[in-house]
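To keep things clear, I will list the structure first and then write my remarks on it.
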Amino acid sequence: MGRMEDAVFLKEFVRMADDAWHMGWHESNGGNLSYRIREDEIRGVEDSFDPGEWKDIGTGVKGLTGEYFLVTGSGKHFRNISHDPADSLGVIEIDETGERYRQVWGYKNGGRPTSELYSHLMNHEVRKSIDEKCRVVYHNHPSNVIALSHILPLDPVVFTKELWGIMTEVPIVIPKGIGVLPWIVPGSRELGEATVKQIEKYDAVIWAYHGMFITGRDFDQAFGTAHAVEKAAGILMAQISSGSKKLGGITKDQFKQLDRAYDLGMAEEYM
Ligand code: 2HA
Ligand code: ZN
């Protein structure tokens, strides 16, 4: 049986966290990341688990009973994750009622899962029910997305249209579009519940004046979505800041060609 420290999923998690730190998306203790661990991966590392006390989650996640998650710790800095994963990260197990969790690995110098645990678990639950392969939930604070949330109306149709239209790769990465929520208290149940409603429809949601919330099947998909949306937001900010109107842009007919060529299932309302 292997050690947690050697597990491939831990290494992939740490690599994504480190890359995200270097992208500038995680000032101070900003952002959080969680991964729903596969059964075969758990079997490979469970010998190194040391279960703690059961604690209330504060919400019921019946769809996640018996699941294990690798989760960033509350107050931990992304900058430190690769330096000492067992300090910044923990593995939690969800009990058979879906109402309690216990820590089984990590947070070695004390700590607990991210302040956004509600949002992570509630969104894992809904995502898993839609697509069993979806395992990653990620929240970050990217500058250009936050800047745009001060400039554009907080409407998924406006954000999707603008982001799709500024860079061809965007509709390929987020063919369902992007959700947008008004400002809501970070870490609150209200924010988790509002995000769940949007995550039923979109793979990514913008939290106004705060950041982005993303789900993906794996680390590549979650990181890739964050990267593509933030890059597009940067190009859009540059175009808006230039004071020049868009002279051309992708036409509706071209969007339809793209949709057919890549079989994306793009909704026409955003073209
Ligand atoms: O500091 O990003 O949303 C963690 C957060 C809360
Ligand atoms: Zn945040």
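No value in this document is a laboratory result; all are computed from the given coordinates. None of the values given here were measured: they were computed from a predicted structure. Here the Cβ positions follow ideal geometry from the backbone for every residue, glycine too, while neighbour counts run over all protein chains shown.
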Within 10 Å, Cβ to Cβ, of residue 68, how many net charges do the neighbouring residues add up to if Lys/Arg are +1 and Asp/Glu are -1?
-3
By average C-beta atoms within 10 angstrom, highest first, the peptides 112-118, 135-141
135-141, 112-118
Hey, which of these cross-link pairs are over 32 Å Cα-Cα: 128/231; 55/161; 176/245?
55/161
Using a Cα-Cα cut-off of under 13 Å, which aspartates and glutamates could be cross-linked to residue 197, ignoring same-chain neighbours fewer than 8 residues away?
125
Reach of residue 108 by Cα under 16 Å, taken over lysines that are not fewer than 8 positions away in the same chain
76
For the Cα atoms of the chain, what angle does the longest principal axis make with the long axis of helix 156-166, in degrees from 0 to 90, nearest 10?
70 degrees
For residue 256, which aspartates and glutamates qualify as cross-link partners when the Cα separation must be under 15 Å and same-chain residues fewer than eight apart are set aside?
169, 268, 269
Acute angle (nearest 10 degrees) that the helix 219-242 long axis makes with the longest principal axis of the chain, alpha-carbon atoms
40 degrees
For the charge dipole of region 100-139, defined by +1 on Lys and Arg C-beta atoms and -1 on Asp and Glu C-beta atoms about the Cα centroid, which residue among 114, 124, 139 has the Cα displaced farthest towards the positive pole?
114
Can you give me the angle between helix 117-130 and the longest principal axis of the chain, using Cα atoms only, in degrees from 0 to 90, rounded to the nearest 10?
70 degrees
Using a Gaussian network model on the chain with a 10 Å cutoff between Cα atoms, which of 238, 208, 222 fluctuates the most?
238
Of every Cα-Cα pair in the chain, the percent that sits beyond 30 Å:
29 percent
